[in-house]
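Each value in this text was obtained by applying a stated rule to the coordinates, not by laboratory testing. Keep in mind that what you see is a predicted model, and the values were worked out from it rather than measured. Cβ sites come from the backbone with ideal geometry, for glycine too, and all protein chains shown count toward neighbours.
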Amino acid sequence: MTSAQHAARSPWTRGPVTLHTGDALRILTTMPDASVDCIVTSPPYWGLRDYGTGHWTGGQTDCAHDGAPSLAAARRADQQRRCPTCDAVWGDQQHGLETTLAEYLHRLVTVFGEAKRVLHPTGTLWLNLGDCYATGETGRADAPRRYPQLNEHQTARRDRRLPQRSGLVSKNLLGVPWRTALALQADGWMLRNAIVWAKNAMPESVRDRLSTSYEMIFLLVRGPRYFFDLDAIRIPAKGTPAPRRRNTPRSGAPSGECRAKYASAEPAVFVGKPHGAAMLPGHRHDTVHPKGKNPGSIWPMSTRPLKEAHFAAFPVDLPLRCIAAGSRPGGTVLDVFSGAATTGLAALQLGRRYVGIELNPEYDRLARSRLAAYLHGAEADDGRP
């Protein structure tokens with residue numbers, strides 16, 4: 001891909017949707033302060049995939065660059081990859097292929113530092129990340145298979161990729177999600193929740209450990225006061241008995257008649273706290289919220305693979321819950337690594353505006369197609385042309 005093909009494009013705008021194509025950090029710097037209410041995003045995982053966004057800049061357009069050193073060799077020598085024939089320079093702004101884990105974390109902290117400025121002071125950030133394992137010098141060992149299939153081109157890129165260096169003995173679980181969350185916390189974010197997304201595990205050809213069946217979602221905010229609508233994501237209670245009132249005197253033991261009555265009756269079913277004011281004699285057991293229970297920090301949600309080219313999309317159920325709880329109706333939702341715009345579809349379903357940023361032009365085209373189809377369907381439902 002040439003530098004001309006990779007040049008920044010004008011934003012794609014359709015009604016409540018704005019999509020930017022380009023580097024996340026660069027585009028974030030152009031956005032106004034406090035202009036979004038909620039961020040839901042999933043950055044590329046470290047060392048997992050090459051998205052094919054690299055390109056040559058400068059030099060001669062007809063040069064094949066055959067004599068240029070590999071990207072791995074250039075990084076080992078701490079130099080730019082430069083063509084010796086035409087002096088073109090190789091550039092790649094994608095996240096996930098950094099030489100070291102420390103570099104990966106530093107770049108994410110920098111991006112989300114700028115995102116914090118763009119986020120409203122009462123806004124929320126929901127960050128989804130998966131983990132990976134340390135590798136030796138022959139490539140990334142024992143990696144969870146998030147992407148079910150790689151074509152020939154992608155496999156070649158993976159095999160040419162620089163072996164990732166973490167400083168740990170091969171086969172160590174790196175804890176990348178938690179390292180990222182703690183790095184963001186050190187940079188001024190407030191970490192409010194660590195959520196386990198329990199998903200259907202992909203098959204893994206491993207024999208000395210368990211298959212990976214979860215990913216992490218972190219809720220981070222700018223300060224102690226932020227918008228959070230728990231009622232919007234409560235889970236309706238199933239089969240909860242109606243509150244029962246026991247006509248027991250407030251002081252002293254029940255009378256003989258009262259004891260006989262309760263001895264012959266079915267045992268009372270208590271829902272809620274087993275102590276405190278909710279259990280005092282004569283009080284109604286009303287600790288269950290009428291709108292349902294708090295969903296807690298373990299979210300069972302099955303993956304929903306796309307038929308299109310983007311294999312990394314999370315299920316729409318995930319951003320639906322994050323957006324419903326973490327943004328006001330009519331607010332603006334941002335995805336810094338938009339991909340196929342699943343977050344955008346969730347935002348539109350909930351009546352929010354959407355801003356997406358995506359480096360890969362192919363995924364940007366896929367996002368436009370999906371969002372345009374949804375907007376067209378919504379207009380048809382409203383009876384508009």
Legend entry - Tyr214 long-range amide H proximity, modeled H, under 5 Å: Lys199
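Going by average Cβ density within 10 Å per residue, which order do the peptides 339-350, 102-113 take, highest to lowest?
Working: 339-350: 24.7, 102-113: 18.1.
Ranking, from highest mean packing down: 339-350, 102-113.
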Inset, instruction - Within the set of other residues whose C-beta is less than 14 Å from the C-beta of Val36, count the net charge using Lys and Arg as +1 and Asp and Glu as -1. - result: +2
Legend entry - Net length gained if the chain between Ile298 and Arg192 were fully extended (0.36 nm per residue, minus Cα distance): 36.7 nm
Legend entry - Placed amide H near Ile39: partners under 5 Å, 5+ positions off or other chain: Thr124, Leu125, Trp126, Leu334
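What FRET efficiency comes out for Gln185 versus Thr13 if R0 is 35 angstrom and r is the Cβ-Cβ distance? Round to the nearest 0.05. Show your work: numbers first, answer last.
Details: r = 35 Å, r/R0 = 0.99.
Computed FRET efficiency for Gln185 and Thr13 comes out at 0.50.
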Inset, instruction - Could you work out the local net charge near Pro236, counting Lys and Arg as +1, Asp and Glu as -1, over the other residues with Cβ closer than 11 Å to its Cβ? - result: +4
